[in-house]
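Everything below concerns the one structure shown next.
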């Protein structure tokens, strides 16, 4: 048996995972957990404009510390798995859904506190914000310039401000 890059044999991997799909799902889940864990405290306090700014600033500082390398850990799995593996694509989508749910919940709390208009749709705003994050992370990665994420997040904030009460 050929050992993997982890030093584990195929039989050792299948001791812990039923099959390749189970292993891929575990990788996606661990990756999502890491992203959410890294941002956890900030995501839990997305209930004000200041909380939103702290989270956005954290993401930019994270890219600066990483020298704009790696992009989004969840997003990087898309190019590798989504087109050829429907189960992996669904698992990645679920990971994004988990992240977006934190944003939506924070925006819902902002709305309840009177920071967003009553007619604003937190789900739509969360999706637009996630799109800005993903685009900003992608541009940051390929251009090796964290300002790309800052520009995208400033655009997201401006979009959210349009829904301000």
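The values are calculated or read from the model by the stated rules, or taken from the named source; none is laboratory data. Being a predicted model, the structure only gives us computed values, none of them experimental. We place every Cβ from the backbone using ideal geometry, glycine too, and count neighbours over all the protein chains shown.
Can residue 92 be described as farther than 21 Å from residue 42 by Cα, modelled with pLDDT under 95 and within 11 Å of the chain's Cα centre (by Cα)? Reasoning before the result, please.
Details: farther than 21 Å from residue 42 by Cα: yes; modelled with pLDDT under 95: yes; within 11 Å of the chain's Cα centre (by Cα): yes.
The answer is yes for residue 92.
For region 144-155, a residue qualifies if it is surrounded by 18 or more Cβ atoms within 10 Å (Cβ to Cβ) and under 17 Å from residue 54 (Cα atoms), and the qualifying residues are 146, 149, 150, 152, 153.
Listed by first and then second residue, the pairs linking a residue in region 120-145 that is on the phi > 0 side of the Ramachandran plot and at pLDDT 95 or above to a residue that is buried (at least 18 other Cβ atoms within 10 Å of the Cβ) and not in a helix (DSSP H, G or I), with Cβ atoms under 6 Å apart and 6 or more places separating them unless they lie on different chains, are 144/68. Could you check, for region 11-29, whether at least one of its residues is part of a helix (DSSP H, G or I), closer than 30 Å to residue 117 by Cβ and either at pLDDT below 90 or in contact with a helix residue (DSSP H, G or I) (Cβ under 6 Å, 6 or more places away or on another chain) (or both)? Among the residues of region 11-29, not one is part of a helix (DSSP H, G or I), closer than 30 Å to residue 117 by Cβ and either at pLDDT below 90 or in contact with a helix residue (DSSP H, G or I) (Cβ under 6 Å, 6 or more places away or on another chain) (or both), which makes the answer no.
Scanning region 105-143 for residues that are in contact with a helix residue (DSSP H, G or I) (Cβ under 8 Å, 6 or more places away or on another chain), surrounded by fewer than 18 Cβ atoms within 10 Å (Cβ to Cβ) and in a loop (DSSP other than H, G, I, E, B) yields a total of 2. Just one of the listed residues (57, 53) is touching a residue at least 60 places away in the same chain (Cβ under 8 Å), closer than 16 Å to residue 157 by Cβ and either in contact with a strand residue (DSSP E or B) (Cβ under 7 Å, 6 or more places away or on another chain) or surrounded by fewer than 18 Cβ atoms within 10 Å (Cβ to Cβ) (or both), namely 53.
Within region 156-164, one or more residues are touching a helix residue (DSSP H, G or I) at 6+ places or on another chain (Cβ under 7 Å), free of Cβ contacts under 8 Å to residues at least 60 places away in the same chain, under 29 Å from residue 48 (Cβ atoms) and surrounded by fewer than 18 Cβ atoms within 10 Å (Cβ to Cβ).
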